[in-house]
Amino acid sequence: MTTYSEIYDYLPASWVTAVFLLATIGIIGAVFFYTVSPGANVMVSLRLCSIRSDQIERIECAFSVVRSELVRKGVTSGMNAFVMANKMYQNRLDVDCHAAVHRVGDMAYYDLFKNDPEFSHYEFPRETTMCGRGFYHGFFEHLIQDNPRPEFIVHTCNYFKSVEQEYLQKVSSTCFHAAGHGLIRATAEKVPRSSWGNPTSFVDPSLRSCELMIGVTESEKRLCQTGVMSIFIQMNRYENYGFSKKTAFETCDSLVTSQRETCYRMSSLMVAQFEGDYKRTWSICNRAAPALQRACIIYIPIGLFTNGVNPISYQTALDFCSAVAATNAQYASLCYEHLGYTLTSEYVEPSYRPDCVLFPTQYRDFCISPDPDFSTTR
């Protein structure tokens, strides 16, 4: 039998050289593929996930790839893997992109920050602010759930006000809102079963903690309160802790009058976020008290942009303001002004730049030069 060495002996020198060169190129190519192009192995892993037969298994596999990158290489690599996965799965890793990247924030807290909570030890790339800053909603929610003290919230959220990157400075607002998530979850852990289903037992202690934050603005307190309400609405929606399933606004109407405006704000955002149904939301709000109407006008655009600024969200938000102008003209200016502010707040990626010409002429300046100090408390 002819051996490989005998074949090698009979090959012309030029052939030997050619084979050697091809092998060398192959090795160099492989090294480049997995080192110089660090996302290549992630993409291969995600493609292996995508061939699984069961949809839930495919998604869980994709998140396991993201988690592996997060744990081994840090937040930047983890977010890069998430962006790849989210694009591959066409924004269907969860009910929406915000919920999906929220899960990455959950993992970041439990797998990284819980053991080493020093923020300066980590990089926070721009991608962490995508889809309504869902990453920070997840991360801060669990951080505050484990540390539900007003002074800890203030110290934590203020950290981001002094960072160099402008896109991260806005994270402090998200922090105060997500702190409300954490507060009501921490409260729920202590509520006895005999008090389940009682809104006061869950909402009041959490809102009180928001009020006890010292050295913060009224806007930051309100953000904390809306965070409390959003989780309270979810508790009702999913029938947790003895609550019965209601529509978002019915849940709000079960609260005392002084708490309803904050609840309506979050109801508006969540219905717009999960259902994109601003028409039904606005029809309810338009029949409510003036303060509740304003709550809807301010927060529906935020909900519509939770999955990012894109042509569909932008046009839907414009249609919403047009509906407001047609049914309650006194709030038209407020709607378009807040839409312009929301664009600046949510706009991250350069892939889509909103066309201000689509704004009605009399409100176009709200898009061209939005007020950076415009506040949701107005």
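Observations on the model:
- Debye-sum result for segment 32-93 in log10 I(q)/I(0), which assumes one identical scatterer on each alpha carbon, at q = 0.17, 0.21, 0.30 Å⁻¹: -0.51, -0.76, -1.32
- Sparse-neighbour loop sites [GluC sites (Glu not before Pro); segment 101-149; at most 16 other C-beta within 10 Å; DSSP]: Glu118, Glu123
- Normalised per residue, the volume of the convex hull around the Cα set of segment 208-349 (Å³): 121 Å³
- Directionally averaged projected area (convex hull, Cα atoms, the chain), nm²: 26.3 nm²
- The Rg/Rh ratio for segment 280-332, using Cα coordinates for both the radius of gyration and the Kirkwood hydrodynamic radius, is 0.97.
- Spacing of the modelled spin labels on Gln315 and Arg52, each 7 Å from Cα toward Cβ, amounts to 3.6 nm.
- Ordering Lys246, Lys114 by the number of other Cβ atoms within 10 Å of each residue's own Cβ, fewest first, gives Lys114, Lys246.
- As a proxy for reagent exposure, Arg287, Arg67 were ordered by neighbouring Cβ count within 10 angstrom, fewest first; the result is Arg287, Arg67.
- Sparsely packed GluC sites (Glu not before Pro) within segment 232-326, loop by DSSP, other Cβ within 10 Å at most 12: Glu239
- Pairs of alpha carbons in segment 282-378 whose separation is greater than 22 Å (percent): 21 percent
- Gyration tensor analysis over the Cα atoms of segment 132-195 returns equivalent ellipsoid semi-axes of 26, 12, 7 Å (largest first, whole Å).
- Of the chymotrypsin sites (Phe, Trp or Tyr not before Pro) in segment 169-208, the ones in a loop by DSSP (not H, G, I, E or B) with at most 16 other beta carbons within 10 Å are Trp196.
- Of Ile214, Ile231, Ile297, the one that fluctuates the most in a GNM where the chain has Cα springs shorter than 10 Å: Ile214
Read-outs throughout are calculated quantities, based only on the coordinates presented, and are distinct from any laboratory measurement. Here the structure is a predicted model, which is why all the values come from computation and not from measurement. Cβ sites come from the backbone with ideal geometry, for glycine too, and all protein chains shown count toward neighbours.
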